[in-house]
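Read the structure below first, then the notes.
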Amino acid sequence: MANESVTQFYNGRSVFITGGTGYMGKVLIEKMLRDLDGIKSIYVLCRPKKGFSPAARIEQIRKLAVFERVRTEFPDRLKKIKAMEGDMGLPGLGLSNENKSILVEEVSIVFNGAASLRLESGLKDAIRHNTTGTKHVLDLAVEMKNLASFVHLSTAFCHCEYDTLEEMIYPSPANPEDVMRAVEWMDDHTLEIITPRLLGQHPNCYTYSKRLAESLVSEYAKRIPISVARPSIVTPSYKEPVPGWVDSLNGPVGVIVAAGKGVIRSMLCCSDYEAEVVPVDIAINALILIAWKRTMMDNTVDDMVPCYNISKGDIVRMTWGEVLSKGKRYAYEYPFDAGLWYPNGSIRTNKLVHYFIVFILQVVPAYLIDGIMILTRQKTFMVRVQKRIAVGMEVLQYFTMRGWNFKIEKAKALINNLNEEDTRKFFIHNTEIEIEKYMIQVMLGARQYCMKEPLANLDRARFHLKLQYWLNLVTQVVFGFLLLWLFVRTFDSFKYFLDSTTNSFMNVPIIGSLIPK
């Protein structure tokens, strides 16, 4: 086994993926189909959604842009993706007896990537999806007869109380079994009361539930060969399947789009802190290597859970301030279509100034626009959009207002024993990344794949941006003159008030004698 290459290891094996319909899940499936040609089957846990059966949802996924290369070069491999109808929130994952039997008999590699990424979720929803759901997957994995490797996808931000995150399992803040039982019998009001005490230093229920899931995983270490992968903030692809590919507005991409369209004018962010991010293709390559690496380790050591922090770490130095300056420059060169206003927002650390800017330049215009929409009998949307942005930004800003130190030595060592072909296929070191080129890829990727805005419209978008620039400039000048006029009028009124008050006091005994004539 020690001399077995990555591609040899996956030959003839079947893989089970939870979260396969999500952003990272789709990139993982595409990578395995394209570069692990010997893989037998990829079973994807999938539930019915919006009237589509699991099989229909998988068929829709096959048609996405992310699978363009596979459709063109290896169309027959798409048949290896097979839907397994089920639900993370149900015991036994809600699998039929037939599907469960297939997984137990055939699967030897599991990637547990399903999670609720709604950072604003309440405790009950977060625990059910991220902790209890993980337990259901672990219980199924225990029954798998040929299980060689189980990779649990966590997050690098689930240990908020540590300034430096080592690649190890940390003590749990609570017994995950107790918390899982509690959220099932407690009513929502009681849970809301105790949530702040349970969370402690955690900014939201998402990171807390992922922290408990890690503790739960460690309890299964003696029973199955398991590993934990902790990616940081996942950004659009660096190389594969195409540069800049992204189909999710979560995290930085949502901020880029909203800022590029002039919807966000201010964000709390410390410009000197390192931007702990990782391109999605590098994170996926690491997951594939982690599953392979686990088979070379002794599973008899008690509580041994290999952990890998997947982030830029000390490989590429890049601060949030640098990201902003480069991002703004390329937002002007490659603008989005139909922006609401000229994109000239800024980051700041002063909360009072930030909230003032948000109120004046985001909230007030939102109500004005919706007011106009009501008068013209059109459907309102801006206030709703701003509320969604406010919730997302409040959660995201916790991560941009703190410095993070993620140790990534184990993750970097994943390529140590790779042959030349596997090193090329499963690249994880991003020392050769050209930051400016990558930023352009991110902008264009968000534009094409998230907003569905073709590059052919760039010239038109640039023309609109110039119009918005002059409109913004004229507005600022008019607003400046208005403030000046108000100041002058207010000053005149204040002067008149002082004169009137002085004349009145001059008639008062004693006090009047003190006022100079």
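The values are calculated or read from the model by the stated rules, or taken from the named source; none is laboratory data. None of these values were measured; they are calculated from a predicted model. So basically every Cβ, Gly included, is an ideal-geometry build from the backbone, and we count neighbours across all protein chains shown. Note: accessible area is taken over every heavy atom of the protein model, side chains too, but ligands, DNA and RNA are not part of it. Shrake-Rupley method; radii C 1.70, N 1.55, O 1.52, S 1.80 Å.
Can you work out which of the residues in the range 341-354 that are hydrophobic (A, V, I, L, M, F, W, C) and buried (at least 17 other Cβ atoms within 10 Å of the Cβ) is nearest to Gln476 (Cα to Cα)?
Only one residue tops the list, namely Trp341.
Collect the residues in the range 163-188 that are among the hydrophobic types (A, V, I, L, M, F, W, C) and surrounded by fewer than 12 Cβ atoms within 10 Å (Cβ to Cβ), keeping them in residue-number order.
Within the range 163-188, just Trp185 meets the criteria.
In the range 212-241, what count of residues is obtained for those that are over 29 Å from Gly445 (Cβ atoms) and outside any helix (DSSP H, G or I)?
Count: 8.
Just to confirm my filter: which helices (runs of 4 or more DSSP H) fall fully inside the range 402-481 and include at least 2 residues that are open to solvent by 30 Å² or more (accessible area, probe 1.4 Å), closer than 19 Å to Ser237 by Cβ and not aromatic (Phe, Trp, Tyr)?
420-425, 435-445
Is it true that Ala126 is buried (at least 23 other Cβ atoms within 10 Å of the Cβ), under 18 Å from Ser227 (Cα atoms), under 28 Å from the mean Cα position of the chain (by Cα) and in contact (Cβ under 8 Å) with a residue 24 or more places away in the chain?
Details: buried (at least 23 other Cβ atoms within 10 Å of the Cβ): yes; under 18 Å from Ser227 (Cα atoms): no; under 28 Å from the mean Cα position of the chain (by Cα): yes; in contact (Cβ under 8 Å) with a residue 24 or more places away in the chain: yes.
Answer is no for this residue.
Condition check ((1) over 19 Å from Gly262 (Cα atoms); (2) hydrophobic (A, V, I, L, M, F, W, C); (3) open to solvent by less than 40 Å² (accessible area, probe 1.4 Å)) across all residues:
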| site | (1), (2), (3) |
| --- | --- |
| Ile357 | no, yes, yes |
| Tyr367 | no, no, no |
| Ile374 | yes, yes, no |
| Lys379 | yes, no, no |
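Would you mind finding the one in Ser271, Ser227, Ser266 that is open to solvent by less than 10 Å² (accessible area, probe 1.4 Å), closer than 30 Å to His464 by Cα, of a type outside the set (A, V, I, L, M, F, W, C) and touching a strand residue (DSSP E or B) at 6+ places or on another chain (Cβ under 7 Å)?
Ser266
When only residues in the range 320-338 that are in contact with a helix residue (DSSP H, G or I) (Cβ under 9 Å, 6 or more places away or on another chain) and surrounded by fewer than 18 Cβ atoms within 10 Å (Cβ to Cβ) count, which is modelled with the lowest pLDDT?
Within the range 320-338, the match that is modelled with the lowest pLDDT is Ala338.
Among the residues in the range 68-76, are any in contact with a helix residue (DSSP H, G or I) (Cβ under 8 Å, 6 or more places away or on another chain), among the aromatic types (Phe, Trp, Tyr) and open to solvent by less than 10 Å² (accessible area, probe 1.4 Å)?
no
Give the number of residues within the range 299-348 that are part of a loop (DSSP other than H, G, I, E, B) and touching a residue at least 24 places away in the same chain (Cβ under 8 Å).
Filtering the range 299-348 down to residues part of a loop (DSSP other than H, G, I, E, B) leaves 299-306, 311-318, 334-345.
Those still in the list that are touching a residue at least 24 places away in the same chain (Cβ under 8 Å) too: 299, 302-306, 311-318, 334-345.
Final tally of qualifying residues: 26.
Do you know which residues across the range 22-50 are in contact with a strand residue (DSSP E or B) (Cβ under 6 Å, 6 or more places away or on another chain) and in a loop (DSSP other than H, G, I, E, B)?
Lys40
Residue pairs, Cβ under 6 Å, 6 or more apart or interchain, first in the range 369-396 and part of a loop (DSSP other than H, G, I, E, B), second modelled with pLDDT of 85 or more and buried (at least 17 other Cβ atoms within 10 Å of the Cβ). List them.
Every condition considered, the pairs that remain are Thr380/Asp370.
Out of all the residues in the range 132-153, is one or more part of a helix (DSSP H, G or I), of a type in the set (D, E, K, R) and either free of Cβ contacts under 8 Å to residues at least 60 places away in the same chain or over 28 Å from Val234 (Cα atoms) (or both)?
Scanning the range 132-153 turns up at least one residue that is part of a helix (DSSP H, G or I), of a type in the set (D, E, K, R) and either free of Cβ contacts under 8 Å to residues at least 60 places away in the same chain or over 28 Å from Val234 (Cα atoms) (or both).
Which residues, taken from the range 41-63, are in contact (Cβ under 8 Å) with a residue 24 or more places away in the chain and loosely packed, with under 15 Cβ neighbours inside 10 Å?
Pro48, Ser53, Ala55
Can you tell me which residues in the range 26-40 are surrounded by 22 or more Cβ atoms within 10 Å (Cβ to Cβ) and under 15 Å from Met84 (Cβ atoms)?
Ile29
When Phe406 is evaluated against the numbered criteria (1) modelled with pLDDT under 85; (2) within 23 Å of the chain's Cα centre (by Cα); (3) farther than 24 Å from Tyr330 by Cα; (4) among the hydrophobic types (A, V, I, L, M, F, W, C), which criterion, by number, is the only one it fails?
Going through the list (1) modelled with pLDDT under 85; (2) within 23 Å of the chain's Cα centre (by Cα); (3) farther than 24 Å from Tyr330 by Cα; (4) among the hydrophobic types (A, V, I, L, M, F, W, C), Phe406 breaks only (1).
Mind checking which residues of the range 428-457 are within 15 Å of Arg329 (Cα to Cα) and of a type in the set (A, V, I, L, M)?
Ile435, Met439, Ile440, Val442, Met443, Leu444
Quick one: which of Phe111, Phe9, Phe16 is of a type in the set (Phe, Trp, Tyr) and either modelled with pLDDT under 95 or in a helix (DSSP H, G or I) (or both)?
Phe9
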